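Okay, structure first, notes after.
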Amino acid sequence: MKIGIVGVGTIGTFLIRELKNEPQFTLVAVADIDSDLAVRVLVENGYPESLLVPLKDFPEDTDVYIEAAAASVAGEVAKFVLERGKTAIIASIGGLGETDQFRVIADRTGGRLILPSGAIAGLDALKAIPAESITKVVLKTSKPAATLADAKYVQGQGIKTLELTEPACVFSGTAREAAGAFPRSINVASALAHGTVGLDKTMVEVWADPASDRNRHSIRVESGHGILIMDVSNVPFEENPRTSRLAAYSILATVRGLTKSIIVGT
């Protein structure tokens, strides 16, 4: 299976490093606006510099495209891949908005758009619940105060997270609003919304915690089938505390799942 990766940041670098040891996958291209970084990562992992090309120049026989760049390009990448009838795995789910436009393209071309569960748990169970029976979906995300200090939304609210002495709620609203306020660090809200009742009915709180070194996500879903409560406390990448390691491993598991004959948890 031939893989192309868009974005050689924390997650892209992780994937390049992990996939090189798996013979069922071949990395055929990467794209990134920081060419120096991309070349360094490629060379360090034993790949030629020539793999760095613009997205439009990815080999035509690329099977799977993984977006690990930024919310601002997620939709563009998804459309590009789906128009070619290929598979797109999108990490920056918050940048997609509604997915109907992508479904129209995929139905026409035979392409596939895959949205990994990322840094949360329980989407397998939530997808099994009929959306019309769900009455409440709430996500409470808590991050180390320092990782939210430079968020434009937080700064715009006049909140100085580095001066906090106790946890503080810095955002409350819908998943759609959360994606706009935190395009770099709240993909979990969009993943939860797409798996349940949508961007406008999924409610989100974002908290800054000065005493925490983990990214924590607490989910409560109420429906006619019962109540599901999930609580995940993730270890972040040291080099990028905004990103949970589980988010990267979720994408890796998604890629591996494309080649498996036995699937557990759907």
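Structure summary
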quantity: Any pair with Cβ under 6 angstrom, 6 or more apart, that starts in segment 180-194 at a residue that is farther than 23 Å from ALA128 by Cα and ends at one that is surrounded by fewer than 24 Cβ atoms within 10 Å (Cβ to Cβ) and aromatic (Phe, Trp, Tyr); calculated: ALA181/TYR153; ALA181/PHE171
quantity: Filter result for the condition that a residue is in a strand (DSSP E or B) and surrounded by 20 or more Cβ atoms within 10 Å (Cβ to Cβ), over VAL255, VAL206, VAL232, VAL188; calculated: VAL206
quantity: ALA74 being touching a helix residue (DSSP H, G or I) at 6+ places or on another chain (Cβ under 9 Å) and buried (at least 20 other Cβ atoms within 10 Å of the Cβ); calculated: yes
quantity: Subset of segment 122-159 that is part of a loop (DSSP other than H, G, I, E, B) and under 19 Å from the mean Cα position of the chain (by Cα) - its residue that is surrounded by the most Cβ atoms within 10 Å (Cβ to Cβ); calculated: ALA151
quantity: Of all residues in segment 156-170 being of a type outside the set (A, V, I, L, M) and in contact with a Ser or Thr (Cβ under 9 Å, 6 or more places away or on another chain), the one that is nearest to ARG242 (Cα to Cα); calculated: THR161
quantity: Failed criterion for ILE227 (all others in (1) surrounded by 17 or more Cβ atoms within 10 Å (Cβ to Cβ); (2) at pLDDT 95 or above; (3) of a type in the set (Val, Ile, Thr) hold); calculated: (1)
quantity: Number of positions in segment 98-121 that are surrounded by 15 or more Cβ atoms within 10 Å (Cβ to Cβ), farther than 16 Å from GLY198 by Cβ and β-branched (Val, Ile, Thr); calculated: 3
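The values are calculated or read from the model by the stated rules, or taken from the named source; none is laboratory data. What you see is a predicted model, and the numbers here were worked out from it, not measured in a lab. Please note: Cβ atoms are built from the backbone with ideal geometry, for glycine as well, and neighbour counts cover all protein chains shown.
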